[in-house]
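*Asks:* One structure coming up, written as structure tokens, with questions to follow.
Throughout, read-outs are computed from the coordinates displayed, never taken from laboratory work. Please read these numbers as outputs of a predicted model, since none were measured by experiment. Neighbour counts are summed over all protein chains in view; Cβ atoms, including those assigned to glycine, are modelled from backbone coordinates with ideal geometry.
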Amino acid sequence: MKPCVFIHTNQKQLVGALVAQYSLRRNSPHADRFDVRILEQEQQHFFQAYEGRRYLRDGAWRVWKNDDLQSFTPLRFMPPELMQYQGRALVIDPDIFAQGDVTQLLTRDMQGKAILCRRRSGWKKKTSWASSVMLLDCAKLAHWHCERDFDALFQGQRDYADWIGLRLEPQESIGLLEDEWNDFDRLSPRTQLLHNTRRWTQPWKTGLPVDFVPGDRVLGLPVVDRLMRWRRERFGDYALLGRYVRHPDRNQERFFFGLLRECLDRGVVSEALLREEMQRNHVRHDAFEVLDRTPPLPA
């Protein structure tokens, strides 16, 4: 069985997922040695039953919305099932783009660990892992059952933040991955997988209304946490969040649009699809103007 890269996404981030898929194959001289599969939230029908129901997150009850920008995140825990608990899988977010050769990661000696990933950044670094990129030994993860574990959020049996931060896993089963395999908004010659993790500055979203629900615990400061919760409860999930802004690193904008330009040239993304996603406010409205001024990427 070939190792497989799973890109989990929903319709709001579909263009990003398609570009991510293309980048993985473009930048590997061994693209025939692994599979890539886009895992769409809308095609997993069990999500429908939870629309509008309350789930536990950061110690508080939140309302689940299937049309949230990040409604796909529970699918991070589905690849072992899809691999029949055999072989190796890599799961990544749809806002992660390969600059390096992913086979270097897929063929790595995991030294007996079930999961390889990096730590979160900021104040969560000591308590949470970044599950946005995980190299998985599927045979060691037979206790992962995505639908069952997702349901537990709504029963109050587990907290979303604990689940997504891998706090519920035996910590000795997790190995540390170098930062360049999940580089948070940093593009350098060492970057292997660039992660546009700061949602407000994702390059393909600039100028659009913010359509994601930030966590109540943003900075880990009690006063800020209370203000975030009050904003959401008083005005609604997306109120007072403004619009997506331009990424501060122009090189990262050029990198994404350089990949998107190649996707259009090769038919990976059609012009019709891109225009449709612009109309749906999933892609910035000036995307074609940005493409016109974006230089080709080096071969």
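*Asks:* Sequence neighbours fewer than 8 away in the same chain don't count; with that in mind, list the aspartates and glutamates whose C-alpha is under 19 Å from LYS2.
*Replies:* Qualifying aspartates and glutamates at Cα under 19 Å: ASP32, ASP35, GLU81, ASP101, ASP109, ASP137.
*Asks:* Something else now. Go through (i) 28, 26, 18; (ii) 35, 23, 20; (iii) 69, 21, 17 and flag the label whose value is the computed semi-axes √(5λ) of the Cα gyration tensor in Å for this structure.
*Replies:* From the options (i) 28, 26, 18; (ii) 35, 23, 20; (iii) 69, 21, 17, the structure gives (i).
*Asks:* Right, next: With an 8 Å Cα cut-off and a minimum separation of 6 or more residues, compute the relative contact order for segment 83-223 in percent.
*Replies:* 29
*Asks:* If the cut-off is a Cα-Cα distance under 18 Å, which lysines reach LYS205, setting aside same-chain residues fewer than 8 apart in sequence?
*Replies:* Within reach: LYS12.
*Asks:* Helix-only mean residue ellipticity at 222 nm, the chain, DSSP H runs n ≥ 4 weighted -39,500 (n - 2.57), per residue, nearest 500. What is it?
*Replies:* Taking each H run of at least 4 residues, the total per residue is -7500 deg cm²/dmol.
*Asks:* Right, here's the next one. Can you give the charge dipole size of segment 4-195 about its Cα centre, rounded to the nearest 20 debye, using +1 on the beta carbon of Lys and Arg and -1 on the beta carbon of Asp and Glu?
*Replies:* Dipole of segment 4-195, to the nearest 20 debye: 380 debye.
*Asks:* For segment 52-125 and segment 248-299, what is the centre-to-centre distance using only Cα atoms, to the nearest Å?
*Replies:* The distance from the Cα centre of segment 52-125 to that of segment 248-299 comes to 25 Å.
*Asks:* Below 8 Å, C-alpha to C-alpha, sequence gap of six or more: please give me the relative contact order for the chain in percent.
*Replies:* 18 percent.
*Asks:* Additional query: Going highest first, how would you order 258-264, 290-296 by mean Cβ packing within 10 Å?
*Replies:* 258-264, 290-296
*Asks:* Something else now. Considering only the other residues whose Cβ falls under 12 Å of the Cβ of ALA49, what net charge follows from Lys and Arg at +1 and Asp and Glu at -1? Numbers along the way, then the final one.
*Replies:* Numbers: positive: ARG53; negative: GLU51, GLU147, ASP151.
Once positives and negatives cancel, what remains is -2.
*Asks:* Show me the ranking of peptides 106-113, 118-125 by mean Cβ neighbours inside 10 Å, starting with the highest. Spell out each step's value before the answer.
*Replies:* Details: 106-113: 12.5, 118-125: 15.5.
The densest-packed peptide leads the list: 118-125, 106-113.
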